[in-house]
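The values are calculated or read from the model by the stated rules, or taken from the named source; none is laboratory data. All values derive from a computational prediction rather than experimental measurement. Please note: Cβ atoms are built from the backbone with ideal geometry, for glycine as well, and neighbour counts cover all protein chains shown. Accessible surface areas use protein heavy atoms only, side chains included; no ligands, DNA or RNA. Shrake-Rupley method; radii C 1.70, N 1.55, O 1.52, S 1.80 Å.
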Amino acid sequence: MADPRRRHPASVPGSWFVDTTCIDCDACRQIAPGVFTDGEGQSTVHRQPDTAEEELAATRALVACPTASIGVEGRHVQAEGLFPQEIADGVSYCGYNSEDSFGANAFFAERAAGNLLVDSPRFAAPLVRELERRGGIREILLTHRDDVADARRFADHFGARVWIHEADASAAPFATDLVRGLETATIRNDLLAIPVPGHTRGSVAYILESRFLFSGDSLYWSRRRQDLGAFRDACWYSWDAQADSLERLAGHPFEWVLAGHGDRHHRPAPEMAERLRALVGRMRAPRQEVQW
């Protein structure tokens, strides 16, 4: 639970607050941007919620927070039913971000051919009950070694297959299926696994129905730039390899970018491809010429 005695001094007065245990994962700012803001290395409350919609968004942010750094004084928060939160057409954000993955986002896709979990949230009882109600999980798709979190518990509980790239497989020794080399793998007719080494050697992007791109930490939507972006300062394997990977990825159509870290966003597929190729061009420019 967040501690009001450790309330961040930059948070505005009122019942909602962020304490100084915040790890600056950005989840709350994605969920409730009208309430939370960047406080120079930690999130803070820049405006108390004043509508029912903002109260609900702030409550979701509290539940999603991986370090329980968000609090609201004088109120009990009911977590049941808040997540998964639908994004579009049965694809949802899981909430319950895990500190083990530095607060990365995880996603759930409800499909007749079998439900998908992309990366892992916390194994939280309200979320597990809701996933059970929706038919469980058939496949767990891990984008890279950093965002494994509680994937083993979800796999054991639901009897799910687990996919990860062979280069990152040591982070998930329980995985049942490996993506290999640089070859695109077809998991099923509407689901591709596309190796994108760069952020880590074994990073993978998954594309569902040529619409939904689950990009892990290889690609995201930047609120500041209002454009696609990549994290140069959080590239653990090779920036050049990441640029090459994203250039290959641009050959696959997608409309949504759903990132582990960074915002999610929707644009028409031709525009996404154009923006991705432009990003690759910026990535290959001299560092001093790149504006992130």
Q | Considering residues of region 111-136 that are of a type in the set (A, V, I, L, M) and in contact (Cβ under 8 Å) with a residue 24 or more places away in the chain only, the residue surrounded by the fewest Cβ atoms within 10 Å (Cβ to Cβ) | A | ALA113
Q: Return yes or no: is ALA273 without any contact (Cβ under 8 Å) to a residue 60 or more places away in the chain and buried (at least 17 other Cβ atoms within 10 Å of the Cβ)?
A: yes
Q | Wholly enclosed strands (runs of 3 or more DSSP E) of region 45-157 bearing at least 3 residues over 19 Å from SER215 (Cα atoms) | A | 70-72
Q: Look through region 136-187, keep the residues that are among the charged types (D, E, K, R) and in contact with an Asp or Glu (Cβ under 7 Å, 6 or more places away or on another chain), and return whichever of them is nearest to ARG201 (Cα to Cα).
A: ARG145
Q: Can you tell me which residue within region 221-237, out of those that are open to solvent by less than 30 Å² (accessible area, probe 1.4 Å) and in contact (Cβ under 8 Å) with a residue 40 or more places away in the chain, is nearest to the chain's Cα centre (by Cα)?
A: TRP221
Q.
I'd like the residue in region 173-201 that is of a type in the set (Gly, Ala, Ser), crowded, with 17+ Cβ neighbours inside 10 Å and touching a strand residue (DSSP E or B) at 6+ places or on another chain (Cβ under 9 Å) and, out of all such residues, is farthest from SER245 (Cα to Cα).
A. ALA175
Q: Give the number of residues within region 18-53 that are touching a residue at least 24 places away in the same chain (Cβ under 8 Å), surrounded by fewer than 20 Cβ atoms within 10 Å (Cβ to Cβ) and of a type in the set (A, V, I, L, M).
A: 1
Q.
Report every pair of residues separated by at least 6 positions or lying on different chains whose Cβ atoms are under 9 Å apart, first residue within region 4-17 and β-branched (Val, Ile, Thr), second crowded, with 18+ Cβ neighbours inside 10 Å.
A. VAL12/THR44; VAL12/VAL45
Q. Among the residues of region 202-220 satisfying the criterion of being in a strand (DSSP E or B) and closer than 16 Å to ALA104 by Cβ, which is most open to solvent (accessible area, probe 1.4 Å)?
A. TYR220
(Q) Any residue at all in region 56-76 that's touching a Phe, Trp or Tyr at 6+ places or on another chain (Cβ under 6 Å) and among the polar types (S, T, N, Q)? (A) no
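Which residue is nearest to ALA106 (Cα to Cα), if the candidates are limited to region 26-56 and must be small (Gly, Ala, Ser) and touching a strand residue (DSSP E or B) at 6+ places or on another chain (Cβ under 9 Å)?
Per the criteria, the residue is ALA27.
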Q. Could you say whether any residue in region 50-65 is small (Gly, Ala, Ser) and in contact with an Asp or Glu (Cβ under 9 Å, 6 or more places away or on another chain)?
A. no
Q: Determine, yes or no, whether ALA2 is assigned to a loop (DSSP other than H, G, I, E, B) and either open to solvent by less than 20 Å² (accessible area, probe 1.4 Å) or in contact with a Phe, Trp or Tyr (Cβ under 7 Å, 6 or more places away or on another chain) (or both).
A: yes
Q: Please enumerate the residues belonging to region 239-260 that are open to solvent by 30 Å² or more (accessible area, probe 1.4 Å) and either hydroxyl-bearing (Ser, Thr, Tyr) or assigned to a loop (DSSP other than H, G, I, E, B) (or both).
A: GLY251, HIS252, PRO253, GLU255
Q: Scan region 143-160 and give yes if some residue there is within 18 Å of the chain's Cα centre (by Cα), modelled with pLDDT of 95 or more, closer than 28 Å to PRO270 by Cα and surrounded by 23 or more Cβ atoms within 10 Å (Cβ to Cβ), otherwise no.
A: yes
Q) Counting only residues that are more than 14 Å from CYS22 (Cα to Cα) and surrounded by fewer than 19 Cβ atoms within 10 Å (Cβ to Cβ), how many does region 60-91 have? A) 15
